[in-house]
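To start, the structure itself, in structure tokens.
The values are calculated or read from the model by the stated rules, or taken from the named source; none is laboratory data. Here the structure is a predicted model, which is why all the values come from computation and not from measurement. In this analysis, Cβ positions are derived from the backbone assuming ideal geometry, glycine residues included, and neighbour counts consider all displayed protein chains.
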Amino acid sequence: MSDEIVIEAEGLSKRYGRLVAVDGISFCVYEGEVFGLIGPNGAGKTTTMECVEGIRRPDGGRVRVLGMNPYKEVSALQSRIGVQLQEAQLQKRIKVWEALDLMASLYPNPVDGRALLEQLGLSGKLNARFMNLSGGQKQRLFVALALINDPEVVFLDELTTGLDPQARRAIWELVEGIKSRGKTVFLTTHLMEEAERLCDRVAIIEHGRIIAMDTPRALVEEHCPGVSVSFSCDEAIEAGRLGARLGRWMCRRRAGS
């Protein structure tokens, strides 16, 4: 992770009538970082991400991605980022290989889509039609489509929603591989163990406001004090333990609000 800022949001706000979905938040994401926006459903995670991506125009504030304005420099930016939406659809009869080839044709230097499918456990579904895929398989296909242009910045919105544990681990390994190649990842999740496993830093959002931001371990140590017993264990088990503690802290905050 370098000191170069890749994503910068300052005073970002978005309203839907009387509902304040995003309430003047500010944050930055550094090159090579996996940055997570975490919080309960309805906290403002997806709205924030869509404002940063340029899908929604905020009512106030300033956003820069790779030094560009996502609303005025759309074409230049879209070729350098990859986006996996929380909810998306394809033509129901399109085949998996057709969707990959179609998306790859939009970029000058796409990666090997078949290799992506192999990593995501979809290599046996090349000739399957979109309508015949399970919910988890559709989600993995959309992740592959987001990565087909070898983007510098990847946006992943609830990337493992609806996936079984094996598929979730496969995507986690894929994200770690993206980071190892120096890419930047901005993701949203409400799974604490996912944030602990993947993220260098996380921002916790609640009611449209960022209430805490730091590394996952630092947040656990600050907000979940108490006596604990430590012992050597598998990395995944350790991640789950810390994530569960952070999750309990968030539940206590919600119960007290």
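For region 10-26, filtering for residues that are on the phi > 0 side of the Ramachandran plot and either out of contact with any Leu (no Cβ under 9 Å at 6 or more places or on another chain) or crowded, with 19+ Cβ neighbours inside 10 Å (or both) leaves 2. The set of residues in region 168-216 that are among the basic types (Lys, Arg) and assigned to a loop (DSSP other than H, G, I, E, B) comprises Arg181, Lys183.
Could you please find all residues in region 51-77 being more than 23 Å from Leu106 (Cβ to Cβ), under 18 Å from the mean Cα position of the chain (by Cα) and assigned to a strand (DSSP E or B)? Selection gives Val63, Arg64.
Being modelled with pLDDT under 90 and buried (at least 19 other Cβ atoms within 10 Å of the Cβ) is a description that does not apply to Glu173. Within region 117-143, restricting attention to residues that are under 15 Å from Gln166 (Cβ atoms) and without any contact (Cβ under 8 Å) to a residue 12 or more places away in the chain, the residue that is farthest from the chain's Cα centre (by Cα) is Gly124.
Under the condition of being part of a helix (DSSP H, G or I), more than 21 Å from Leu37 (Cβ to Cβ) and in contact (Cβ under 8 Å) with a residue 60 or more places away in the chain, the residues counted in region 144-167 number 1.
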